[in-house]
Amino acid sequence: MTAAVPREYGHFIDGGWREPVSGGRIDVLNPATGELLARVPAGNSSDVDAAVAAAGKAFGKWGRTSPGERQRVLLEIAARIERRARDFALLETRNVGKPIRESRSIDVPAAVDHFRYFAGVLRHIEGHTQSIGASMLHFTLREPLGPVAAIVPWNYPLLLAAWKLAPALAAGNTVVLKPAEQTPLSALELAGELADLLPPGVLNVVTGYGPDAGAPLASHRGIRKVAFTGETATGRLILRYAAENIVPATVELGGKSPQIVFPDADIDRAVDGAVTGICQCQGEVCFSGSRLFLHRDIHDAFLEKLAAKMAGLVVGDPTKEETQVGSLISREQLDRVLSYIETGKSEGARLVCGGTRPGDPSLARGFFLTPALFGGVRNDMRIAQEEIFGPVLSVLPWNDVDTMIAEANGVAYGLAAGVWTRDITAAVRAARALQAGTVWINMYGYVGAGGPFGGYKESGFGRETAFETLSHYTQTKSVYIGTFEKKAGGR
Ligand code: NAI
Ligand code: MG
């Protein structure tokens, strides 16, 4: 997919590649090496106009296709991604900087599975009927909304596109997808791969920067729903744009998710869960388990094991099989994470390990960082409150359950949480008390098709990856029929 000569992409609009109206380009880089992978259009409102027009035109037909036909198409999308799974995994790794073992085992198979899942459940987009007295019958239709704007971030470009594309297309909507400016390649490759499968205009991809391409898309009058994943500040803007046009929006935003370890937990498993919870995708995950609450009784022993494990992780070339931690997405993100490490130190937290750039000269051109572990963190510190989006774990000791739960809930976010204990009652009590859209008990970080995923509080609203997601991509029409039945004893 990425040839030796960097490819020049156009936008993908109305079934084909389109030159950008303004002609500006964005260099797409491999963050681990600095290599130029491709150039994509720096789209603007004119490109967005063309894409939304194409999506609007295509909706006329696609919105009326039979469920069976849409199921066939979604299954074929899954099959095509799967057929090129190795290519997509490598492309994702080269563009995002994440370990190949992750793109191959998480990003690509999960994207495939999402298309299969929605191919299945779309056959259950159903209304209901009721008979109202003798003279009236009522039924409902669930109808697609129209062109959907899907705006996604750079950490899981293919998978998060699939989270939005699969339910949108399943329900009969058309889509204009705007990938993140850093990572547009898998979306463009997917659109090209599906060019002869999807009718023109059903899936359009416009690349560009947020304010130039994302904002005109989210605020476009031809868009009937906005689906967004990204940072909370951008989510606020998205909701404003959608409010202007009175269209529904779902927003999956930031997180500062707690992992809670009870004294009776299986410590080795919990250590593993804490490590993957903060190191998967270099910590650039919305549901990163970035605050670790350790009970006092096990605190010191746990921290020691955790530090040893984190310090032993292989940080390096993400295309290599053995790599466990790849490169952050950009210089900007690295600087941001490094500045949080300085903040943590100046706030009085104790840096136990990591938080430095690896010495290996072959990594010097990338944005690598050894995973950082902070002990002695207080909940009012910035490193305990703000989303860092990098491999930085804050450890907070606890004694009393209620106080700890209050601290765990004491952040603006509410995306996810982890609970580690062998005591089922303690686990379920904690799961109930935690203000989070997802709670994992004795595991962390699995999001599979069928389980609703989304936020509480400032982590957003709307649920993706599940049957109820279809309710965000359809609207209900009530139809009443007068049946002119003879009234009993009437004429
Ligand atoms: P972002 O939320 O600004 O970007 C996500 C998507 O929104 C991208 O496609 C971007 O082009 C688009 N966008 C940006 N501004 C827009 C606007 N005004 N209108 C419409 N679309 C717009 O995230 P960004 O700036 O790339 O990252 C900033 C920080 O946010 C990161 O350092 C990270 O800490 C955090 N972040 C959190 C994510 C999460 O899922 N929790 C995802 C991405 C970033
Ligand atoms: Mg931004």
- Hey, rough spin-label estimate for Thr276 and Arg64, points 7 angstrom out along Cα→Cβ, what's it come to in nanometres? 4.8 nm
- Stokes-Einstein D for the chain at 10 °C, 1.306 mPa s, Kirkwood Rh over Cα pairs, in µm²/s? 67 µm²/s
- Message: Counting only Cα atoms, I'd like the Rg/Rh figure for the range 211-352, Kirkwood definition for Rh.
- Response: 1.08
- Task: Subtract the Cα-Cα distance of Asp49 and Gln130 from 0.36 nm times their separation in residues, and report this length gain in nm to one decimal.
- Result: 24.9 nm
- Query: Could you name the lysines in cross-link range of Lys309, using Cα to Cα under 29 Å and dropping any fewer than eight places away on the same chain?
  - Reply: Lys98, Lys256, Lys320, Lys345
- Query: How high is the FRET efficiency from Asp335 to Leu141, r the C-beta distance, R0 60 Å, rounded to 0.05?
  - Reply: 0.70
- Taking only Cα atoms of the range 85-165, radius of gyration then Dmax in Å: 19.6, 65
- Task: For the range 395-479, count the residues as N, evaluate 2.2 N^0.38 Å, and divide the Cα radius of gyration by that value, please.
- Result: 1.31
- Task: Specify whether the C-alpha gyration tensor of the range 9-87 places it in the rounded, prolate or oblate class, a ≥ b ≥ c being the square roots of the eigenvalues: rounded for a/c under 1.5, otherwise prolate if a/b is larger than b/c and oblate if not.
- Result: oblate
- Query: Tell me, what is the per residue accessible area of the range 365-441 in Å², probe radius 1.4 Å?
  - Reply: 38 Å²
- Query: Ala406 versus Val21, label points 7 Å from Cα toward the beta carbon: distance in nm?
  - Reply: 5.5 nm
- Any idea of Ser257's accessible area? Nearest 10 Å², probe 1.4 Å. 0 Å²
- Ranking Arg382, Arg350, Arg429, Arg142 from most to least accessible area with a 1.4 Å probe gives Arg429, Arg350, Arg382, Arg142
- Message: What lysines does Lys57 reach when the alpha-carbon gap must be under 17 Å and sequence neighbours fewer than 8 apart in one chain are set aside?
- Response: Lys225
- Item | Angstrom value of the Kirkwood radius, inverse mean 1/r, which spans all Cα pairs in the range 116-216 | 15.4 Å
- extent check for the range 47-192: Cα max minus min per principal axis, descending, whole Å, gives 65, 34, 22
- Count charges around Asp87 for me, please; just the other residues with Cβ under 14 Å from its Cβ, Lys/Arg as +1, Asp/Glu as -1. +2
- Can you list the residues, at least 5 places off or on another chain, whose amide H is less than 5 Å from the amide H of Gly460, using H built in the peptide plane? Leu253
- So how far apart, in nm, are the two label points at Glu82 and Ile424 if each is 7 Å from Cα heading toward Cβ? 3.5 nm
- Message: Could you compute how much accessible surface Ile405 exposes when probed at 1.4 Å, giving the result in Å² to the nearest 10?
- Response: 20 Å²
- Message: Give the separation of the Cα centroids, the range 156-193 to the range 81-133, in Å.
- Response: 10 Å
- Item | Full-stretch length increase - Leu197, Arg350 - with 0.36 nm per residue and alpha-carbon distance subtracted | 49.6 nm
- Message: Using only the heavy atoms of the protein chains and a 1.4 Å probe, how would Asp49, Asp196 rank by accessible area, largest first?
- Response: Asp196, Asp49
- Message: Can you bin every Cα-Cα distance in the range 257-304 into 10 Å intervals starting at zero and give me the percent of pairs per bin, rounded to whole numbers?
- Response: 29, 54, 17, 0
- Query: Can you give the convex hull volume of the alpha carbon atoms of the range 300-437 per residue, in Å³?
  - Reply: 140 Å³
- Query: How do Tyr480, Tyr444 stack up against each other in accessible area, from largest to smallest, with a 1.4 angstrom probe?
  - Reply: Tyr480, Tyr444
- Scoring the range 144-188 by relative contact order with C-alpha pairs under 8 Å, at least six apart, yields a percentage of 52 percent
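The values are calculated or read from the model by the stated rules, or taken from the named source; none is laboratory data. Just so you know, these numbers come straight off a predicted model, no measurement behind them. Ideal geometry is used to build each Cβ from the backbone, glycine not excepted, and the neighbour counts take in all protein chains shown. Protein only, heavy atoms only, side chains kept; ligands, DNA and RNA dropped before computing areas. Shrake-Rupley method; radii C 1.70, N 1.55, O 1.52, S 1.80 Å.
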